[in-house]
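Before any comments, here is the structure.
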Amino acid sequence: MQTNNIFIAHPTTTEQLNALKAVVKALKVKFELRKDDPYNISEEDKALVLNRIVTDKDEDLLDWSVAKKQLKIKK
């Protein structure tokens, strides 16, 4: 039976990581390990977005044209 569920774990020690890998392998579950941030958002961009949320008026939050230029978003 195929499922689309995704399980994300955040082990904090090497022992936890090794235990999780052993369990997943024993269950024959496909998995991948990542050391990077999958969203790859810079601290500067996070600060810009949080500042916008805190300081802008509610109706202005829907207009992201200025924020896109600040955040260098191409879409």
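In the set (1) in contact with a Phe, Trp or Tyr (Cβ under 9 Å, 6 or more places away or on another chain); (2) modelled with pLDDT under 75; (3) part of a helix (DSSP H, G or I), the condition left unmet by ILE73 is number (3). Out of LYS68, LYS46, LYS25, LYS30, I need the residue that is among the basic types (Lys, Arg), at pLDDT 85 or above and part of a helix (DSSP H, G or I). Which one? From the options LYS68, LYS46, LYS25, LYS30, the qualifying one is LYS25.
The values are calculated or read from the model by the stated rules, or taken from the named source; none is laboratory data. No experiment lies behind these values; they were computed from the predicted model shown. Heads up, the Cβs are rebuilt from the backbone with ideal geometry, glycines too, and the neighbour counts pull from every protein chain shown.
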